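Peer 1: Supplied in structure tokens, the structure appears directly below.
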Amino acid sequence: MKLFRQLILRPLRRDLTRTVLTLLSIALGVAVVIAIELAGEAATGSFQSSLTTLVGKVDFEITANGGVEEKYIARVAALPVNARFTPAIEQPVVVEGAGATTLYGIDIVTAPETESSAPFDPERIETTAVVSSDLAQRFGWKTGTTIALRGRGMSERFTIQSVAPEQNTGWIGLDIASAQRLLGMYGKLDRIDVFLSSGENADRAGRLIRSVLPPTYDVQTPGARSEENRRMLRAFRWNLRILSYISLLVGAFLIYNTIAVSVVRRRTEIGILRAVGTSSRGVLLIFLGEASMLGLAGSVLGIGLGRLLAGAIVGMISDTVNALFTTSAPGHVQLSAGSMIAAVATGTAVAFFSAFIPAREAAGIAPAEAMRREMREHEVRLRVWRDLMIAGALAIAAVILCQFGPIDGRPVLGYIATLFAVGAAAMVSPAFVTGIIRLMRGLLKRIGGAAGLIAGRSLIASLARTSIVVTALATAISMMIAVGIMVGSFRETVQVWLDSQLRADIYLRGAGPATAGIYPPLDPKVPNIVRQTPGAGDVDIFHAFTFRYEGTQATFGAGIMDIVRRRRSLRFLSGNSSEILASLPGHDRAIVSEPFANKHHARVGQVLRIPLGARIVPLTVAGIYYDYANDRGFVLADRGTLLRYLPEQPATNIAVYVRPGADAVAVRRDLESRLRDFPLMIAPNDVLRRGAIEVFDRTFTVTYALEAVAIVVAMLGAANSLLALVLDRRREIGLIRYLGAAREQVRTMILTEAGLLGLLAGLLGLALGAALSLVLIYVVNKQSFGWTIQFHPPALLLSAALLLVWAVTVLAGVYPARFAARLEPAEVVHTE
């Protein structure tokens, strides 16, 4: 311990600025990882329906695409099964003055009293409601408060009978009859909940229930539905985790550099220790102990920063989840003991393994060799060609890995390919640094004179450290470039898609949350009112609902395909758009979105067996179209085809094309006046486009935040490394001052080195980032979400970002430059 204190702790205290920068780099890396984990866990929330609060734990759920016929309750109730069967409705509803929320309709007569809610008043069942505590607190509701609910073409008032406590989502519970009347769902249910009595065999009950239901009906446990929702979010959270590890990866390079600098600066002490009998194992443990100590201290600091960061980003992640995947109210960010232990273990392990190579090098130093301080730099220069061959092998391996498909739905090999690419860049770095600086020798002389030449030669002389700093900064820059190109390309692709998809002038949908998988039904009177509005031309009536196909959720939609064909509002991967759409009306044919086709391996000409109501309908795939709405996938048919099998399926959206010469604004205002008694959202084309792009930009806000943290970590590393170079070259700087160099020239030299580091890292990061962007666009995104992104790099934005990073890198050299300029020649030379 005394040896550790003398060789490690005292130098760390002496170079306090470097120590703080190293700790802060590790802390930020750990903070990002733990913040993404905590915020992701809180944002996805619990997928158990809040209906459990009203009816208790459900054993089975009976569901069907297009809704469950109410008559099947009598059939399952007649079975020799000791169970209770409860009809249930779960639909969005509009509360006047409070917006949209979820409405639960249950059979109050048969539902048992639960611990979390008071029973309905049996004499006032039709006019009473239960509300969640979340909704009650938001709007100041109490028991006895009267609320007005707007359904399909009607509005009713209900008195709050009780408030369900400890609820983090908004919902209202009504008796099933009241819910059906309000929503116009007579004879229809969303599902039937099954509650088995104690001692009843679940397998036997499940078989008997399935035997009296149509083959298209689904009988599953609520846990299966929750697991499906979790599966949908895995790719999203997996991608966020991988991005969060970038900061740790950059931090790993910096730990490597910190320990490598420690080894170089203490080679004399190491040689003396070896000469007096210290074993190589003892030296190895000393330096690994230094790394572990830094990792442990940085991780502890990172836990606190991570908790603060998680609270800041949980809302952004929750918005993305609701917009793209499924409804889930964010819960509280909870920092558990397990999370803290995992964070400390991760940060310490990264520091430990990052330091292993330089620590092993220190352990292998012979006493005589230790006195030659430049030996390691000389060895690095000798290994340049070997490193280039290793880089080529890693690059080839990365290309090969990109040819394989996903594993368990995740682009695992794609992520491994990115690591191989980063490894290739790290191995190329020494040769890259040497080559570029030699090419710039003339330019450095013209710009900085003698100081510029010395700066370039100094970086080559300390190639081992320089290449690590350049690699760390280039890694952060490359991920910024790669993600920037991916997001920019995706944004441009979505813009083009919106231009072709949103051709109508005015759009109408039921009032409710604009969330993936939720399609509020329209009142049956609305389409006719829209058609009769002066100035309205083509009116495309669209029906959408979620359905299950091969164990996963997707969306089934149907519109007037003749209008879609004439208005050219869909783009196909292949084939003639007009011919494909013309083949749909009057036939059992459908088109599918690219994500659906990729997820289910669907191809043109294949027959899909889609359960609609009580029938299984064979639909032939006529074409595959581009779609970026969500990764669940769509199956689209002509409206006439859908209504042939589900004649009572309500419309959910309407697209209105204004007649030539008519004023679109006047038509929209006329529609708003005619439809003021219906709970609708009416929006012009430009508002929808703007809203879609806002959702897109909000979705990637977290991504940009992660990239910013990685860049900050790399900047701290650059400042740390420049300071290390100054400390390690104290004698050299002192001699330069003795030979007549002014303080200003020393400052210029160090700032030139900072500028060169930023330039080298920018060039290497740009090349690596371009390669990684191809992996993200054509491998990771394709395998995660199933859509094709067109390559559109945002050149101006990336140029500005690179210039900013370079400027900040130069700023990071200001303190080391001032420190070097203040060194007193006599004192430095005397100390050395």
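The values are calculated or read from the model by the stated rules, or taken from the named source; none is laboratory data. Predicted model only: the values in this text are computed from it and were never measured. Using ideal geometry, Cβ is built from the backbone for each residue, glycine included, and neighbour counts are taken over all protein chains shown. These area figures cover heavy atoms from the full protein model, side chains too; ligands, DNA and RNA do not enter into them. Shrake-Rupley method; radii C 1.70, N 1.55, O 1.52, S 1.80 Å.
Peer 1: Just to make sure I understand: if all protein chains stay in place, what is the order of Ser132, Ser336 by accessible area at 1.4 Å, largest first?
Peer 2: Ser336, Ser132
Peer 1: Ordered by residue, what ³J(HN,Hα) values in Hz, to whole numbers, does region 804-813 give under the Karplus form 6.51 cos²θ - 1.76 cosθ + 1.60, where θ = phi - 60° and Gly and Pro are x?
Peer 2: So the Karplus estimates, Gly and Pro as x, are 5, 4, 4, 4, 5, 5, 4, 4, 5, x Hz.
Peer 1: How far is it, in nm, from the label point at Ala78 to the one at Ile693 when both lie 7 Å from their Cα along the line to the Cβ?
Peer 2: For Ala78 paired with Ile693, the spin-label model returns 6.0 nm.
Peer 1: Kindly identify region 411-455 as rounded, prolate or oblate by the Cα gyration tensor criterion: order the square roots of the eigenvalues as a ≥ b ≥ c, call it rounded if a/c is under 1.5, otherwise compare a/b with b/c, prolate if a/b is larger, else oblate.
Peer 2: The shape class here is prolate.
Peer 1: Same structure, new question: How large is ³J(HN,Hα) for each residue in region 755-770, as worked out from phi by the Karplus curve 6.51 cos²θ - 1.76 cosθ + 1.60 (θ = phi - 60°), to whole Hz, x for Gly and Pro?
Peer 2: Coupling constants for region 755-770: x, 5, 4, x, 5, 4, 5, x, 5, 5, x, 5, 5, 5, x, 4 Hz.
Peer 1: Give me the percent relative contact order of region 454-594, please, defined on Cα pairs under 8 angstrom at least 6 residues apart. Mind showing how you got there, number by number?
Peer 2: Numbers: 83 pairs, mean separation 20.9, N = 141.
Once normalised by length, the contact order is 15 percent.
Peer 1: Please list Phe356, Phe678 from largest to smallest accessible area, probe radius 1.4 Å, with all protein chains kept in place. Show your work: numbers first, answer last.
Peer 2: Values: Phe356 80, Phe678 30 Å².
Per-residue accessible area, sorted high to low, gives Phe356, Phe678.
Peer 1: Still on this structure: Just how much of Met681 is accessible, in Å², when a 1.4 Å probe is used and the result is rounded to the nearest 10?
Peer 2: Using a 1.4 Å probe on the heavy atoms, I get roughly 90 Å².
Peer 1: Considering amide H positions built from the backbone, and no H for Pro or chain starts, which residues 5 or more places from Ile518, or on another chain, come under 5 Å of its amide H?
Peer 2: Amide H neighbours of Ile518, under 5 Å, 5+ apart: none.
Peer 1: Same structure, new question: What ³J(HN,Hα) values, in whole Hz, does the Karplus curve 6.51 cos²θ - 1.76 cosθ + 1.60 give for region 72-79 when θ = phi - 60°, with x put for Gly and Pro?
Peer 2: 6, 5, 5, 5, 6, 5, 7, 6
Peer 1: Once the piece of chain linking Phe139 and Ser574 is laid out straight, how much longer is it, given 0.36 nm per residue of separation minus the C-alpha distance between them? Could the numbers behind the result be given before it?
Peer 2: Details: separation 435, 0.36 × 435 = 156.60 nm, distance 5.17 nm.
Gain on stretching Phe139 to Ser574: 151.4 nm.
Peer 1: Next question, about the same structure. Rank these residues by their accessible area, most exposed first, probe 1.4 Å: Val163, Val604, Val433.
Peer 2: On the way: Val163 50, Val604 85, Val433 0 Å².
Correct descending sequence by accessible area is Val604, Val163, Val433.
Peer 1: Please identify every one of the GluC sites (Glu not before Pro) in region 57-97 that sits in a loop by DSSP and has no more than 13 other beta carbons within 10 Å of its own beta carbon.
Peer 2: Working: sites: Glu61, Glu69, Glu70, Glu90, Glu96; in loops: Glu70, Glu96.
For GluC sites (Glu not before Pro) across region 57-97 that sit outside H, G, I, E and B with at most 13 neighbouring Cβ atoms in 10 Å, the list reads Glu96.
Peer 1: What FRET efficiency comes out for the pair Leu453/Ala342, r = Cβ-Cβ distance, R0 = 56 Å, nearest 0.05?
Peer 2: Numbers: r = 50 Å, r/R0 = 0.88.
Step by step, r from the Cβ atoms, then E = 0.70.
Peer 1: Mind checking the full-extension length gain between Asn201 and Tyr186? Use 0.36 nm per residue of separation minus the Cα-Cα distance, one decimal, nm.
Peer 2: Numbers: separation 15, 0.36 × 15 = 5.40 nm, distance 3.29 nm.
Contour length minus Cα-Cα distance gives 2.1 nm.
Peer 1: For region 164-206 and region 438-469, what is the separation of their C-alpha centers, rounded to whole Å?
Peer 2: Each part's Cα centre sits 73 Å from the other's.
Peer 1: Rolling a 1.4 angstrom probe over the protein chains, ignoring ligands and nucleic acids, what is the accessible area of Ile26 in square angstrom, nearest 10?
Peer 2: 10
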